[in-house]
Amino acid sequence: MENGSHFDGDKIEKFDIKIKKKPKDGVILQLHHTVRDSHGDCRRIRFSLAVFDDNQEKLACTDNAGNIFIIDFCDLKFWKLVNHGICTALHFVPDRLDALVVASSDKFDLNFLDTETGCVYLTLSGHTDHVKHISFSKTKLNNLLTASHAEAILWELKNCTKYFTLNTHVGSQIQQIMFTPAGDYLVACFQNDTVQIWRHDTMKSVKQIIPNGLKHIKNIEFTMNGRAMVIAGLVPKLILFSMDTWKAVKSIDLTKYNIKGVQHVAFVPQMFDGGANKILAILSSNCTLHLLDLDTQELITNICPQSSSIKKFVVSPTGKYFLCILHLGEVNIYNSSLVIENSKDVMVAPEKKELPGCSTHAYQCNIQQTLANKSAVEQKMRACMDSARLRRILMQYGEYPDKFRSIIWKSLLITPKNKVAYSALVDKGIHPAYKNIEKQFTIHSTVTLKNLKRLLSCLAHWCPLFGVMKFLPGFVFPFVKVLQKDPLLLFECVATILMNQCQLWFEYAPFPPISVLAMIENVLAEHDQQLLDHYCQLGVTSQIYALKILETAFSEVLTCTEWLVLWDHILSNEPAYILMIVVSYNIVQKNAIRRLKTVDQIEKFFHLQNPINMKVFLKKAYVFLNDTSEDVHPRRFFNSFVSLEKGGCYQQFTGYPKATICLKLARERKKAVSADRYTLRELTKKSQEKIINEGIKKLDIDFDKDNDKDVKDEYYKKHRRKSTVHLQNKDESRSRVREEFLKNVFFTSDLGLKISKETAESMRTRRFRESIRPKKKRKTPEKIHSLEKEVEKLIKSCSNSDTSD
């Protein structure tokens, strides 16, 4: 076992390739390797092995001379790696970009190559015969299975050690061995026509299968979801085996398809088949490739190139491509969808003319039929799509289809569809905290704004915490854009995410989640200490490189398409996976981050959409999820997934400090009251004015009752001059009454106790003395002084009105 690099330093030259767009036979690319010998004659070297990577972007082929060629379907390039000897097996490393495992025939070693440079960065030794089979576990990416005809070895790549060896006896050599798609079992078929199954964790034998009537077993193959297995041999018979019940489900006779024996079988996955692959590719004993539909048991097409017969074939993990290695050494690469489409006869039904007056009825029937079909499809999808199956589909295709994304998210989050409980929240109206949210955010669509207000109000009515958190509108806004057509689903999805993926965010609310940020920092320190040191040197805290992107749900740093793909993976994994996404984003972008020299530059960086390779980004997150040590893994602190309960009301959200939130709510209510139409000073002035007006009015009424008759008699008896004198006397009496009343208003306590006349005189004298001292500050409060001015104005207005009368 060696760890190092054996590269001579020469640069690898890459060449362009051209792929056919829509060929009739489905062959998009042909490969052949021709060289000239010392005499100048052309000699063709035959290809022997080929393998696709999991992302179906690259293909590795090797020939009989040990030359390895890499074909990149994304960049349309190909190049040749350094020759390390004849290869007996190939396989791409799933958790590392641009890495290839090559089994050498010289010392039976396993060399790990970098496909971009051709250098060997790891070598595993331990086999005693040529390695024929290589398989990686999809659940534990550090576990590698390699096997020859005589032995099988399980490797722990993290420590580069062997932890299990399976030795065979004479007559029971290994024909094929692999991990199941879920990674929980190992399955092997032997030369003595038996199939053995072991549990991966304990390596204990679980099942032994001895098929009846099936001899010379050559091959086993699994569907993408791992629930069915096909066993094939040199006899014209296939056996379908259920991994759920451990029983044979179906036996297919191949003689009716003119197939006399089977050399190799493989499933061809199709888009949206749910991982239950229906199309099986069969390489018959006469070197012809057949595509068989297992549902209808009809033969789709036969592939037999005119130039040569087929020696081997390989199907890409997602079924987009498959290739055939011919006996003459050429490689034909096919587009599977083109092959299937060209093989089917498209039948176009003639149009039927509608009778007059029947269009409305037909339209209504079509609508009813469409709705019925849609509901039936949704029920079937929710019944058959469990989280484990959906996750396997996601790992193969990288994302969920846009057409069914809302249904898939609904199935993953197990939303209860509580219409009554949701209606009760909606009926409470718009929450005061989000009444004027349009002033904080610029939203051009009134429909989107209405849906955002309704969602935030329902969350705040459900739990008072969500009426206080300022980041919440920015967090839920992308979900509103995606799911706004179904408000009930939108609320339940967001509520479930807040309960699970955000379960530790509110421990110290309304302050930052210190525990979550500490977990992210610990994981970053374990996987990239240099980047963390760079942050520490600049004084950048986790609130900048982690909290900013968490509070916006990654919507500021990713495009719409990238954001949808990311949340497909977040919702399909455990709640702690979202923290690994944060660490992965920082590490993937570390080359750009290291060029930034100030805190402001880094803070702006996490508010911009920076270019990113989504496949590398997500792969690293899965690696961190599986390889992070248990001491710092966030899984220790996160609770398992909890869905909303079905019923008349939703369960309470309790993951926050209630006392702190109640105190904050009380302060905000106090601010809202003080920020009303009138200030406290204005309200006090108005109340005093009201008291004064009512008192004066009452005194005037009492005074008029006593003097009304005298005034009238004298007015009619005496002249106008004498009446004027009488009115002046009346005004003087009224002014005296007013002074007494004002004296009682200003110089009485809250209990209404009157102050003596001497005390009032002394207080007026003291106020007059203080008023003639301009240099010293007045001891009378400003509020009382202003109030006195207002009262004086009011008295003048009353006296003017009386005089006019």
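Derivation of every value follows stated rules applied to the coordinates shown; laboratory data play no part. Quantities reported herein were computed from a predicted structural model and do not represent experimental measurements. Glycine also receives a Cβ, built like all others from the backbone with ideal geometry; neighbour counts cover every protein chain displayed.
Using the structure shown, select from 162/204; 403/470; 435/646; 20/278 the pairs with a Cα to Cα distance greater than 22 angstrom. In this structure, 403/470; 435/646; 20/278 exceed 22 Å between Cα atoms. Using a cutoff of 8 angstrom between alpha carbon atoms and counting only pairs six or more residues apart, the relative contact order for the stretch 444-533 works out to 20 percent.
Length available on full extension from residue 486 to residue 132: 0.36 nm per residue minus the Cα-Cα distance, which gives 122.2 nm. Peptides 68-75, 684-691, ordered by how many other C-beta atoms sit within 10 Å of their residues on average, highest first, read 68-75, 684-691.
Paramagnetic label reach from residue 342 (point 7 Å along Cα→Cβ; backbone nitrogen cut-off under 12 Å): within the stretch 288-328, residues 302-306. When only the Cβ of Lys, Arg, Asp and Glu is charged (+1, +1, -1, -1), the dipole of the stretch 559-640 relative to its Cα centre reaches about 360 debye.
Spin-label model, residue 250/residue 424: points 7 Å from Cα along the beta carbon direction are separated by 4.9 nm.
When you count the other C-beta atoms within 10 angstrom of each residue and take the mean per peptide, 14-27, 618-631 line up highest first as 618-631, 14-27.
Full extension of the segment from residue 402 to residue 34, taken as 0.36 nm per residue of separation minus the current Cα-Cα distance, would add 128.0 nm. With R₀ set to 22 Å, the beta-carbon distance separating residue 293 from residue 260 gives a calculated FRET efficiency near 0.60.
In percent, rounded to a whole number, the relative contact order of the stretch 39-122 is 19, using alpha-carbon pairs under 8 Å and six or more apart.
For the stretch 378-535, state the average projected area of the convex hull of the C-alpha atoms over all orientations, rounded to one decimal in nm².
Working: hull surface 49.3 nm².
Its average projected convex-hull area is 12.3 nm².
Which of rounded, prolate, oblate describes the stretch 495-568, given a ≥ b ≥ c as roots of the alpha-carbon gyration tensor eigenvalues and a/c under 1.5 marking rounded, otherwise prolate only if a/b is larger than b/c?
Since a/c reaches 1.5 but b/c is at least a/b, the shape of the stretch 495-568 is classed as oblate.
Where does each of 85-91, 604-610 land if you order them by average Cβ count within 10 Å, highest first? Could you put the intermediate results ahead of the total?
On the way: 85-91: 19.9, 604-610: 13.6.
Descending packing order for the listed peptides: 85-91, 604-610.
For the stretch 491-522, list residues with backbone N below 20 Å from a point placed 7 Å from the Cα of residue 654 toward its Cβ? Residues passing the 20 Å test: 495-510. For the stretch 538-654, the normalised intensity computed at q = 0.13 Å⁻¹ comes to -0.59 (log10 of I(q)/I(0), Debye sum over alpha carbons, equal scatterers, no solvent).
Among the listed pairs 685/793; 138/615; 138/237; 140/620; 450/548, which have their C-alpha atoms separated by more than 20 angstrom in this model? Show your work: numbers first, answer last.
Numbers: 685/793 13 Å; 138/615 16 Å; 138/237 30 Å; 140/620 14 Å; 450/548 26 Å.
With Cα atoms farther than 20 Å apart: 138/237; 450/548.
Extension gain, residue 16 to residue 77: 0.36 nm times the residue separation minus the Cα-Cα distance gives 21.5 nm.
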